[in-house]
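Please treat every number below as a calculation from the coordinates, not as lab data. Note that the structure is a prediction, hence the values are computed from the model and not measured. Cβ placement follows ideal geometry from the backbone for every residue including glycine, while neighbour counts extend to all protein chains displayed.
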Amino acid sequence: MRKEVVKCLLLALLMFCILTIAGCAKPQPKEQIIQGYALAFAELGTLPMSRIDLTYSADAASLANKTFDLGIYQGGSRIANTVMKNGDKFQKDLEPGSYQVKVENPENYYFVYLPAETVELEQGIGQVYAMVVNSKNSTDTSQPVKWEVCYTEAGSPAGNTPLTGGEIPALKPGEMFTLRYNPEQNPNPKAGNYMFRLINPASDINQKECWSGAVYCIGPIKPTNISVNLLPNPGKLVVGIKTTGAAPAGAVYEFVVNDVDNNREVSRNSLRAGESIAVSLPPGTYQVTESQNGGALSYSKSIEGNISIASGQSVYLTINNRFPAPVKGTLQITKNVEGPAPQGTAFEINISGANGSIRRSIQAGQTISVELAPGTYEVTETNSGGAAQVRKSPQGGIAVYSGQNSGIVITNVYSVYP
């Protein structure tokens with residue numbers, strides 16, 4: 001009998017403790033039933049968010065009312081679009097990341113994107129949230145419960161003047177409700193700590209309030225501004241690459257075009273020797289520099305200093321990269337004759353290559369050496385001394401390699417008379 005009395009007293013004490021702390025405790029184990037209801041915080045956090053602010057303008061008055069479809073892309077996929085005309089603005093909240101803005105129907109018009117067409121959005125916090133739950137072990141649906149949110153730059157915000165508040169509707173046992181606060185609404189929009197407070201969160205009248213933990217917020221959303229500007233008819237800067245000396249085969253040369261007036265890079269392109277490209281630019285002043293020269297000793301430009309581009313104008317610029325002179329090779333030419341060749345005949349030899357041609361004289365039975373830049377050469381005889389036939393060995397073009405000897409034998413055949 002005595003043991004039964006002790007068990008009953010212990011059970012009563014346990015139920016009293018449960019009802020006393022249930023209002024701000026974590027949900028109770030399944031076997032512990034809460035008589036009435038008890039709200040508690042189940043989860044706290046922040047939602048990172050970014051914002052893109054688009055503005056569109058047209059410099060040409062005649063195009064002020066013309067509309068264009070502007071798209072916002074991420075990873076090649078369009079995630080938003082809007083139709084804009086001169087003076088329009090567009091705002092879109094996005095997750096932090098890299099995004100591209102472009103005009104979908106540019107037709108033949110030229111657009112400038114500032115600060116760039118592709119941008120990395122600045123990150124802020126779009127929402128501080130707290131999830132509230134009526135314990136699944138509650139026996140009753142909760143009454144509506146008032147809530148508040150407080151803030152401080154450092155330390156605990158508990159007890160500070162609330163920023164805002166509201167009311168949690170009646171929740172069934174196990175049902176959840178999310179409290180949300182946008183840091184942009186804070187009169188002091190700085191990084192700091194936020195805490196949520198529930199007022200009378202439980203059926204236990206002794207439970208007057210319940211505070212969440214502190215949630216740190218790096219600050220509200222920081223908009224990234226991109227302006228899209230329709231410019232008048234652009235000009236063109238036509239840039240070509242040339243080389244002198246022993247340039248490496250297949251070398252790539254990169255040049256950068258900078259807008260002098262706005263102190264920013266507007267174009268970067270890569271070319272090989274002998275290639276050229278036309279860069280469309282709005283009217284203005286530009287500077288061109290070579291950022292990758294393929295190992296050249298130096299480079300020069302056909303236009304030094306600033307380059308002015310007018311509307312509809314094409315300006316031509318050649319960048320010449322200077323490399324060390326190539327080490328020459330040697331072409332050895334041997335003259336043979338068969339039959340009775342005229343005495344003292346001087347045979348004329350023409351050697352032609354990519355950089356022009358040269359002539360040399362040679363006597364029968366003689367071998368001469370000619371230094372040439374590496375390349376392929378055609379060797380022909382322009383004065384055969386009346387030979388009936390001229391043979392060359394080898395036939396065709398002769399390859400001359402840097403620092404090496406190449407050879408050709410030219411044989412003149414003369415008729416033999418009895």
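Could you work out the relative contact order of the chain? I mean the mean sequence separation of Cα pairs under 8 Å and 6+ apart, divided by the number of residues, in percent.
Over the chain, the number comes to 13 percent.
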If I stretch the segment between Ala354 and Thr67 completely, what's the gain in nm (0.36 nm per residue apart, minus their alpha carbon distance), one decimal? 97.9 nm
Hydrodynamic radius (Kirkwood) for segment 22-232, which is based on Cα pairs only, to one decimal in Å: 20.1
Using 0.36 nm per residue of separation minus the Cα-Cα distance, give me the extension gain between Val413 and Thr318 in nm, one decimal. 29.1 nm
Which whole-number percent is the relative contact order of segment 161-227 (Cα, under 8 Å, 6+ apart)? 30
Positive-end extreme of charge dipole, segment 233-322 - chosen from Thr244, Val257, Ser267 (charges on Cβ): Thr244
Subtracting the Cα-Cα distance of Asn160 and Gln389 from 0.36 nm times their residue separation yields 71.3 nm
Would you kindly derive the ³J(HN,Hα) couplings of segment 272-279 from the backbone phi angles with the Karplus curve 6.51 cos²θ - 1.76 cosθ + 1.60 (θ = phi - 60°), listing them in order in whole Hz, with x for Gly and Pro? 9, 4, x, 9, 8, 8, 9, 9
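Round to the nearest 0.05 the FRET efficiency obtained for Ser227 and Ala42 when R0 = 51 Å and r is the Cβ-Cβ distance.
Between Ser227 and Ala42 the formula returns 0.70.
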Cα-based Rg/(2.2 N^0.38 Å) for the chain, rounded to two decimals, is 1.96
Using +1 on the beta carbon of Lys and Arg, -1 on that of Asp and Glu, and nothing else charged, what's the dipole of the chain about the Cα centre, debye to 20? 660
For peptides 349-360, 37-48, 377-388, sequence by mean Cβ density within 10 Å, most packed first: 37-48, 377-388, 349-360
Cut-off under 5 Å, modelled amide H: who pairs with Glu175 long-range: Asn134
Given an 8 Å cut-off on Cα distances and at least 6 residues of separation, report the relative contact order of segment 31-157 as a percent. 40
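Are there any trypsin sites (Lys or Arg not before Pro) in segment 138-218 that are in a DSSP loop and have at most 16 other Cβ atoms within 10 Å? List them by number. Don't skip to the end; give the middle numbers.
Details: sites: Lys146, Arg180, Lys190, Arg197, Lys208; in loops: Lys190, Lys208.
Qualifying residues, ordered by number: Lys190, Lys208.
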Toy charge model, Lys and Arg Cβ at +1, Asp and Glu Cβ at -1: segment 233-322 dipole around Cα centroid in debye, rounded to 20, equals 200
Which FRET efficiency value, to the nearest 0.05, is calculated for Ile33 and Met131 with the Förster distance at 35 angstrom and r the Cβ-Cβ distance? 0.95
Nearest 20 debye, what's the magnitude of the dipole of segment 329-413 about its Cα centre given +1 on Lys and Arg Cβ and -1 on Asp and Glu Cβ? 40
What ³J(HN,Hα) values, in whole Hz, does the Karplus curve 6.51 cos²θ - 1.76 cosθ + 1.60 give for segment 241-253 when θ = phi - 60°, with x put for Gly and Pro? 10, 10, 9, 10, x, 8, 6, x, 5, x, 4, 10, 10
Pop out the ³J(HN,Hα) list for segment 181-192 in order, Karplus 6.51 cos²θ - 1.76 cosθ + 1.60 with θ = phi - 60°, rounded to Hz; leave Gly and Pro as x. 9, 8, x, 5, 7, 6, x, 10, x, 10, 5, x
I want the antiparallel fraction of DSSP beta bridges within the chain, as a percent rounded to 5. 80
DSSP-defined beta bridges in segment 105-226 - what % are antiparallel, rounded to 5: 95
How far apart, in nanometres, would the label points at Tyr401 and Arg268 be if each is projected 7 angstrom from Cα along the Cα-to-Cβ direction? 3.9
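With both bridge residues required to lie in segment 22-232, what share of the DSSP beta bridges run antiparallel, to the nearest 5%? Mind showing how you got there, number by number?
Numbers: 60 of 70 bridges.
Percent antiparallel among DSSP bridges in segment 22-232 is about 85.
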If R₀ is 35 angstrom, what is the calculated FRET efficiency for the pair Ser300 and Gln332, using the beta carbon separation as r and rounding to 0.05? 0.40
